[in-house]
1. Would you mind giving the mean number of other chain beta-carbons within 10 Å of the Cβ of each residue in A:77-88, as a whole number?
2. What number does chain B give for Rg over Rh if you use C-alpha atoms and the Kirkwood radius?
3. Specify the angular offset, from 0 to 90 degrees and rounded to the nearest 10, of the alpha carbon long axis of helix B:215-237 from the longest principal axis of the alpha carbons in chain B.
4. In degrees, nearest 10, range 0 to 90: what is the angle between the Cα axis of helix B:3-12 and the longest Cα principal axis of chain B?
5. Can you pull the mean other chain C-beta count within 10 Å for peptide B:145-157?
6. Set the Förster distance to 45 Å, then compute FRET efficiency between residue B:60 and residue B:182 from the Cβ-Cβ distance, nearest 0.05.
7. Using the Cα atoms of segment B:126-197 to build a convex hull, what is its mean projected area in square nanometres?
8. To the nearest 10 degrees, how steeply does helix B:63-84 sit against the main Cα axis of chain B, on a 0 to 90 scale?
């Protein structure tokens, strides 16, 4: 859901290098923590999950400018840690095909990987208490919200979004730097507010609507998939206890 | 997704770039990516994109598929460029050209190099498990692709997809994904057993003959050096 479609050349070098380092270290740590024998048996399953994510990401949901991620579902089905690995693999393949920049893979993995980690952990904690379907809805919603918050924080940090006002940073910077007199400043401020009001209000409203629709659809479809599994293969949702990451 | 078409181009192509080894092509793509990212003026970027287009042309890559795939980076660069256009036209165009140029570079690698070869090369540097996941994902993608497309087709034929009925689409999408996942997990377990029978013990064996530098490799390396030199000289002149 919160896949950042940033092209190459937009994100400052320090950010994307840090994103790559953190996500690669996380992937290595996860792969080191799981037992080699256990992860070997799960590789085809992880790969199938990644392939399903790749395919579903290319299916649009009608008129909503949105595609499913199923990162939370990956966290629930293959485990939170391995779900993160799935997200890395999917993002890398997508980037090679131009769907998001190759330099943004690390940041995208962190942003979407949080969905897999949080969704998987929350689902494991909740399913025994409130049932599979309600816990799926809650876990997916929390995971997508956290992941989206992370994405917005990141975009605001690189100056793409101003969280407080919703105004584009570049627009504000232009005004801050021109050192105009008091009257001119007032006129410009009024002009900026009007332009911001017309542009950013529409922008934020649209973003919020898409965000809500996205969260609802992702949670609903994930819950329906889990319900389907509970009917036909409950052993996949409630496997024999293990300490897999 | 066009992965199948890109793979067909990479596997069936006979151009000089298709015959070159993975290390030399990776070197060239890294040089291209670096120059695209580092260049700060529209003219240099325009020249680099022209070079990339010529490379695609020489490699006889089908532009129809590439154009489809370029739509994503172009569209999303345009969104960010709209902010930059407030600063100047050049800043806006820089964002678009950088996004599109970088995507053209990675697509060039994929259109001239089979996926398996790329990951076979990376297996020397990445953990074996991760490389196995990449290779299995690649294999699984093609197995599932046909299945999903026929499932989606039958869903549409039976009236299960409507552009303006999101609720219906969501319900049917969930059933489709559930069915595909279920089938794919069962298939993955079967596939794993088959791999075990064939001697799989954590690491798909890949042949590496990259130390042999042929004539195509030399051409690709010389081109890489020329691209970087062109970029550095442009810096000096400016």
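1. What the average comes to for A:77-88 is 1.
2. 1.04
3. The angle comes out at about 50 degrees.
4. 70 degrees
5. Partner Cβ neighbours, averaged per residue: 1.
6. Efficiency computed from Cβ-Cβ geometry: 0.65.
7. 6.1 nm²
8. Once rounded, the angle reads 70 degrees.
Read the figures in this text as sums done on the coordinates, not as results from a lab. None of these values were measured; they are calculated from a predicted model. Note that we place each Cβ from the backbone using ideal geometry, even for glycine, and neighbour counts take in every protein chain shown.
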